[in-house]
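The values are calculated or read from the model by the stated rules, or taken from the named source; none is laboratory data. Quick caveat: nothing in here was measured; it's all calculated off a predicted structure. With ideal geometry, Cβ positions are generated from the backbone for all residues, glycine too; neighbour counts draw on all protein chains shown.
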Amino acid sequence: SLVLGIETSCDETAASVVARGPDGVGRILSDVVLSQIAEHSAYGGVVPEIAARAHVEALDGLIKAALAEAGTRLDVVDAVAATAGPGLIGGLLVGLMTGKAIARAAGKPLYAINHLEGHALTARLTDRLAFPYLMLLVSGGHTQLVLVKGVGDYERWGTTIDDALGEAFDKTAKLLGLPYPGGPAVESAARHGDPDRFSFPRPLVGEARLDFSFSGLKTAVRQAAQAIAPVSDQDVADICASFQKAITRTLKDRIGRGLGRYRQLAADLPEAALVVAGGVAANSAIRQMLQALCAEHGVRFVAPPIKLCTDNAAMIAWAGAERLALDLAADPLSVSPRSRWPLDAQAEAVIGYGK
Ligand code: ATP
Ligand code: MG
Ligand code: FE
């Protein structure tokens, strides 16, 4: 099958065409992403109004480009998949309405895709991966540990109770006068810093529940910077290195616990795997730690290429293709976007908790 995907939930406008063979093997025929980083960088974060406007301006052209690059046409495509949430409502409206219009005009089924489901299933597009696997999503807006049991079947094991991990990187960078997005800037500054100069908090370490918390870390960074002001470049490097170390140690504790629980649940699972997704997965210190941790637990570590870890439309098209392959019902054209939309039904009941 051939699916057109559309993604507009945050600050990337994206369109893609993905093919799924009868054997379940996926192929990306095109994957066009326009990042709005330049539009938002002056503000140190994503401005919803600017984002929505930029999506409107770019989306039609990107869809045309994605179809052309894939060498296909709308009448050949089997389905249209558009992100319907969670995310910024203005952007979601733009993408979902466009998806509906195309589906209606071309007479194709529409799949309203949960953005988190896109991240969760990406690894099956790039690797042959059996359920159930564990997924760590660490991005600018999300920090979640999810048990992926099947298409549409997810169990959220942990989430952040305050800031997302990428957000913690971005806020720390802003605090230190580093450019936006903060993750890459903090990582490169950390390279020539002393990770042991500052002792930053490691929230929730040792606790049995699998949640995350990062807002205290940002406060500790602010206090450290204030205490030694004016901060030199070396101070910034030391703070970044210490910050990254605290993050890595915290994640190690949380994910290690999650892997233990997963291992217990699937003791004789031959294909046990941990999959990462989200922009923070680009961080090499975090990647190395996860790699080693998985080896320790006898679990395969799967890290899709960075371009597929950050927001893209190939993952949305793929989620549509997986639904189509299972003959799951398409969505009615009356479907509405949802700024909040937890992956699992259980989280649905406690909406408002975490992100
Ligand atoms: P969403 O949360 O909806 O998926 P997003 O745009 O916030 O959307 P991504 O595009 O997946 O998320 O990732 C962006 C985030 O990843 C930013 O917070 C950025 O700072 C962080 N990031 C990128 N590279 C690195 C890195 N090398 N180290 C740490 N964080 C990084
Ligand atoms: Mg982004
Ligand atoms: Fe995302």
Note on segment 264-289: residues in a loop (DSSP other than H, G, I, E, B) and either within 16 Å of ligand 2 (Cβ to nearest atom) or closer than 20 Å to Phe243 by Cβ (or both) are Gly278, Asn283
Residue pairs within 8 Å by beta carbon, gap of at least six or interchain, first lying in segment 62-85 and loosely packed, with under 15 Cβ neighbours inside 10 Å, second among the small types (Gly, Ala, Ser) and assigned to a helix (DSSP H, G or I), listed first then second, are Asp75/Ala106
Next item on the list: Looking only at segment 174-187, decide whether some residue is more than 16 Å from ligand 3 (Cβ to nearest atom), of a type outside the set (Phe, Trp, Tyr) and within 17 Å of the chain's Cα centre (by Cα).
Entry: yes
Restricting segment 5-38 to residues that are among the polar types (S, T, N, Q) and at pLDDT below 95, the one surrounded by the fewest Cβ atoms within 10 Å (Cβ to Cβ) turns out to be Ser35
Of (1) more than 16 Å from ligand 1 (Cβ to nearest atom); (2) under 20 Å from Gly45 (Cα atoms); (3) part of a loop (DSSP other than H, G, I, E, B), Leu178 satisfies every one except (1)
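Residues checked against (1) at pLDDT 95 or above; (2) among the small types (Gly, Ala, Ser); (3) farther than 19 Å from Asp163 by Cα:
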| position | (1), (2), (3) |
| --- | --- |
| Ser188 | yes, yes, yes |
| Arg197 | yes, no, yes |
| Phe200 | yes, no, no |
| Ser213 | yes, yes, no |
| Ser232 | yes, yes, yes |
| Asp253 | yes, no, no |
Counting only strands (runs of 3 or more DSSP E) wholly inside segment 128-168, the ones holding at least 2 residues that are within 12 Å of ligand 3 (Cβ to nearest atom) are 133-138, 143-150
- Inspect segment 1-12 for any residue being more than 20 Å from Pro305 (Cα to Cα), within 16 Å of ligand 1 (Cβ to nearest atom) and in contact with a strand residue (DSSP E or B) (Cβ under 9 Å, 6 or more places away or on another chain) and give the result as yes or no. yes
Matching residues in segment 252-293 (under 22 Å from the mean Cα position of the chain (by Cα) and among the acidic types (Asp, Glu)) number 1
In segment 294-308, residues that are surrounded by 12 or more Cβ atoms within 10 Å (Cβ to Cβ), touching a helix residue (DSSP H, G or I) at 6+ places or on another chain (Cβ under 6 Å) and not in a loop (DSSP other than H, G, I, E, B) total 4
Within segment 227-280, restricting to residues that are out of contact with any Lys or Arg (no Cβ under 8 Å at 6 or more places or on another chain) and hydroxyl-bearing (Ser, Thr, Tyr), the one that is nearest to ligand 1 (Cβ to nearest atom) is Thr248
Going through segment 118-144 in order, the residues found to be touching a residue at least 60 places away in the same chain (Cβ under 8 Å) and farther than 26 Å from Thr8 by Cβ are Asp127, Arg128, Leu129, Ala130, Pro132, Tyr133, Leu134
Given the structure, is Val221 surrounded by 16 or more Cβ atoms within 10 Å (Cβ to Cβ), among the aliphatic types (A, V, I, L, M), in a helix (DSSP H, G or I) and away from ligand 2 (no atom under 16 Å from the Cβ)? yes
